[in-house]
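To keep things clear, I will list the structure first and then write my remarks on it.
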Amino acid sequence: MERVSVIVLGALLLVSLALAGKGAAQLPEDPREIPREAQLTSTRTRADLDGDGRPEGLLLVNSLTGSQQKARASEVVLGVYSEGDEGGLLWVRHVMRDTGRPAHDGELMALDLDGDGASELILTWDSSLTAEKVERWAEIYTTSDTARPRKIWEGAWVRDTRRDPATGENARELFRREIDYAATRKAAGRAIVFRKVHRMIAGKTIDPAKTVTERVEVSLRWSAS
């Protein structure tokens with residue numbers, strides 16, 4: 001995936017200034033309570049995160065914060081709820097606040113990676129602040145305990161510095177990661193297998209693209225007991 005949120009980046013300052021005038025620089029903890037005028041996009045879905053046959057609710061909000069600092073002007077907020085999104089808030093992640101890094105254009109996937117009947121969460125967002133660079137990060141969580149999701153992997157999901165003036169020509173690169181779902185299922189909860197697809201390395205275009213397999217040893221079926 002190669003994408004840059006030019007519209008989002010261009011709109012941050014104008015809308016943030018308007019929100020700052022309303023005192024909205026501090027977002028509510030629960031993404032359901034974020035004012036509509038601050039929301040760029042919102043996504044609601046359901047998934048069985050703990051394998052008990054009852055789906056939890058998920059809400060992802062891409063929001064403006066009201067801050068006049070460009071690096072803090074946007075936020076990605078994920079909420080997990082009992083009994084769908086009308087239930088109680090079990091867990092929340094404010095990406096920019098929690099990591100200290102810019103966050104916008106967040107996306108969420110809920111997938112059963114290991115075939116045990118419980119979905120894992122894959123949260124991705126862009127941390128770049130210019131249209132010339134894509135720096136998309138990802139976190140993967142296992143959710144045996146829905147109130148305490150456990151992060152089992154994080155890393156660069158997409159990086160595109162081909163047109164980034166701050167990156168030297170010999171350091172420019174383009175790659176993306178994707179999960180090899182068949183190989184990950186075969187690992188039966190002991191690993192996540194990625195395909196890392198390179199299209200530029202050290203400033204040199206790779207054609208055809210070079211794909212590298214990465215196996216990351218993790219424990220997907222962890223439980224508190």
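The values are calculated or read from the model by the stated rules, or taken from the named source; none is laboratory data. These numbers come from a predicted model, not from an experiment. Virtual Cβ from ideal backbone geometry, glycine too; neighbours counted across all protein chains shown.
General observations
- Candidate set from segment 105-129 (those that are assigned to a strand (DSSP E or B) and of a type outside the set (A, V, I, L, M, F, W, C)); member that is farthest from E217 (Cα to Cα): D105
- You will find that of P165, P102, the residue that is crowded, with 21+ Cβ neighbours inside 10 Å and part of a loop (DSSP other than H, G, I, E, B) is P102 and no other.
- A residue that is more than 21 Å from T124 (Cα to Cα), in a loop (DSSP other than H, G, I, E, B) and at pLDDT 95 or above can be found somewhere in segment 168-186.
- Within segment 144-156, if we keep just the residues that are in contact (Cβ under 8 Å) with a residue 40 or more places away in the chain and of a type in the set (A, V, I, L, M, F, W, C), the residue that is surrounded by the fewest Cβ atoms within 10 Å (Cβ to Cβ) turns out to be A147.
- Subset of segment 37-66 that is in contact with a strand residue (DSSP E or B) (Cβ under 9 Å, 6 or more places away or on another chain) and not in a strand (DSSP E or B) - its residue that is surrounded by the fewest Cβ atoms within 10 Å (Cβ to Cβ): E37
- Residue check for L113: closer than 30 Å to G53 by Cα and either buried (at least 19 other Cβ atoms within 10 Å of the Cβ) or among the charged types (D, E, K, R) (or both): yes
- First in segment 205-222 and assigned to a strand (DSSP E or B), second anywhere and aromatic (F, W, Y), Cβ under 8 Å, 6 or more apart: T213/F194; E214/F194; R215/F194; V216/W153; V216/F194
- Cβ pairs under 6 Å, 6+ apart, first in segment 69-90 and under 21 Å from R150 (Cα atoms), second aliphatic (A, V, I, L, M) and surrounded by fewer than 18 Cβ atoms within 10 Å (Cβ to Cβ): G79/V92; L90/A147
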